[in-house]
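What follows is a set of notes on a single structure, which appears directly below.
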Amino acid sequence: MVARKKHYRPAGKKKEGNAARYVTRSQAVKQLQVNLPVFRKLCILKGIFPREPKKKVKGNHHTYYHLKDVSFIQHDPLVEKMRDMRAYEKKVKKADAKKNKDRADILKQRRPTYKLDNIILQRYPTFIDALRDLDDCLTMVHLFAYLPAIEDRIDVKRIQNCRRMSHEWQAFISRTHKLRKVFVSVKGIYYQAEVKGQLITWLTPHPLQQVLTEDIDFNIMFNFLEFYEALLAFVNCHLYRSINVKYPPILDPRLEAFAAELYALSRYFDANSRSSVLDPQVSSSGKVDESELRLAQLQHQLPSNEPGTLTSLIENVHGEDEEDNDTMLCKALFKDMKFFLNREVNRESLLFVIPAFGGIVSWKGDGAPFEEDDTSITHQIVDRPLQHELIEGRKYVQPQWIYDCVNVKKILPTRDYLAGRELPPHLSPFVDPKEEDYVPDYALKIEQWKAAEILPLPDVGKEDLEDPQEIADVEKAKEAAKNEKKLKALQEKHYEGLKVELKGVPLSKTDNQISAKSMEDREESDPDYEQMAKDKDELALLTVSKKKRGLYEAMKKGKKRKQDNVEVIKERKRKLKESQKSKDV
């Protein structure tokens, strides 16, 4: 049998298979004639990612890209722009090295720029495609909106731009009532909105001070952020124009100075809707004079202290899509309800969520629409034990009540969410309990409420009728507060009398008679101080949690038990002594 010679491919022959379809990263960089950071940036902007071939020709320690993807980058005009910018930076460095400051300053001012409009149109041919890819974009923009500005790492203008764009997105979602789900977790707050039939979910950090470590590579994040900023600006512009609102918005500088950008955007929507109602031809053409918007934002044209101001003008907005059943349900959830936010709660989140479901909201600070002493407020959102007197007709609830009502799409009873009480579990709306093996008890309770339709209406207050203990606690708190006020007044009068006596002012006969009579009346009308102290202790117990209240009751019972044991021991010793005396006798 004749052995066959092994076939070798002649030199200069074309490659076949994976060797022809894939190239390594170093080969791609050499083909594009750019450095590695620019190559990474181009891949992020164009949406090119590494591939995993079935057979890695160069070895497992290489990163492979498809040859068609590299050719796709190579034919983009942005590559030539990047090369020009790299050559321009060399000119700037050369001027700095020669210490030619004037030329260096001129070159820095004339740096070439580029736009990403063509890339966005290539990656997203339709607007629906852009909405489908908006989850990571919103998460990244909201993340940078909460980061602190660090010199030589994060620019202040970039953070301000991210904050502005995130507020523009939230203002549109809130005004069009497109928000569907909210979940507060350890990582942050998850939101889900439905825009043009597409479910968009994003994560917002908690408003806390962020601490950045040194091992974070901001260059890669900035490349993603650059593309996401252009994408979100494109989406916001399209959404604003779909409801005949001019973009970018013109905000009230006074509200911007007070860090109330989201409320300023709602006023901007009101001004646009008002101008469109007054002049439909101007709104249809999309040309609205900036001076008219400024005038419409003034207090005498948009009185912010009147209830319903923020929602009254949206009803006649032209160009808005027809509302579906979910939008109508969300729009009427907090209708005719007025909220006030305390300082300790997450103001930005609640300013976004409450108006998205038809409520009117204000806060404690500059630029607020109405003050805390407004009698039309129905709910006050608190997250600390109450330190002041309760206002009659107002419910003091914790922020979780808002989020749970939003997820259930019903007004839940407030007795489990009152200030100082232990909260029920915060259930995730993104998990279906029916598909899981475990269904929480509170989820079953909510389902029973919804099935029996016993949930109270916002203005009826059935939860108060169902829970008489809550009424008794409120009445006790009010009575204790009144008794404490009387006690303070009597103490002040007593101190004033002592001051007069110390000064040595002589009292006339009539004054002595009046003072004696007043002392007799005071002795007759003096309140029971023991009862006042007891009421004060009961008021303090009302403001603590159920767990601490139980520990306090257990401590009281333990002290009483010890005292009873001591008395029993004393009684036994006394009887023993008496029996010994009788024996001695």
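Suppose each label sits 7 Å from its Cα in the direction of the beta carbon; what would the TYR88-HIS62 distance come out to in nanometres?
For TYR88 paired with HIS62, the spin-label model returns 3.5 nm.
Which shape class applies to region 67-201: rounded if a/c is under 1.5, otherwise prolate when a/b exceeds b/c and oblate if not, where a ≥ b ≥ c are the square roots of the Cα gyration tensor eigenvalues?
oblate
With each label point set 7 Å from Cα along the Cα-Cβ vector, what nm distance links THR126 and LYS575?
9.3 nm
Give a quick list of trypsin sites (Lys or Arg not before Pro) in region 321-376 that DSSP marks as loop, anything other than H, G, I, E or B, with at most 11 other Cβ atoms within 10 Å.
In loop regions of region 321-376 (DSSP not H, G, I, E or B), the sparsely surrounded trypsin sites (Lys or Arg not before Pro) are ARG343.
Is there a pair in LYS364/LYS410; LYS30/LYS98; LYS395/LYS486; LYS30/LYS81; LYS409/LYS450; LYS46/LYS81 whose C-alpha atoms are over 20 Å apart, and which pairs would that be?
LYS364/LYS410; LYS30/LYS98; LYS395/LYS486
Relative contact order, percent, of region 163-222 when contacts are C-alpha pairs under 8 Å separated by at least 6 residues?
20 percent.
Please give, to one decimal in nm, the separation of the simple spin-label points placed at GLN491 and VAL186, each 7 Å out from Cα toward the Cβ.
Label-label distance for GLN491 and VAL186, simple model: 4.5 nm.
How far, in nm, would the chain grow between ARG111 and ASP135 when pulled straight, counting 0.36 nm per residue and subtracting the alpha carbon separation?
5.4 nm
Put +1 on the Cβ of each Lys and Arg and -1 on the Cβ of each Asp and Glu in region 45-157; which of PHE72, PRO50, MET85 then has its Cα farthest toward the positive end of the dipole?
Working it through, the farthest residue towards the positive pole turns out to be MET85.
What is the set of long-range amide H partners of VAL195 at a cut-off below 5 Å, with H atoms built 1.01 Å from backbone N?
Amide H neighbours of VAL195, under 5 Å, 5+ apart: ILE200.
With a 1.4 Å probe and every protein chain left in place, tell me how much accessible area SER185 has, in Å² to the nearest 10.
30 Å²
The values are calculated or read from the model by the stated rules, or taken from the named source; none is laboratory data. These figures come from a predicted structure and were not determined experimentally. Here the Cβ is made from the backbone with ideal geometry for all residues, glycine too, and neighbour counts use every protein chain on show. Areas reflect the complete protein model, heavy atoms only, side chains present, ligands, DNA and RNA absent. Shrake-Rupley method; radii C 1.70, N 1.55, O 1.52, S 1.80 Å.
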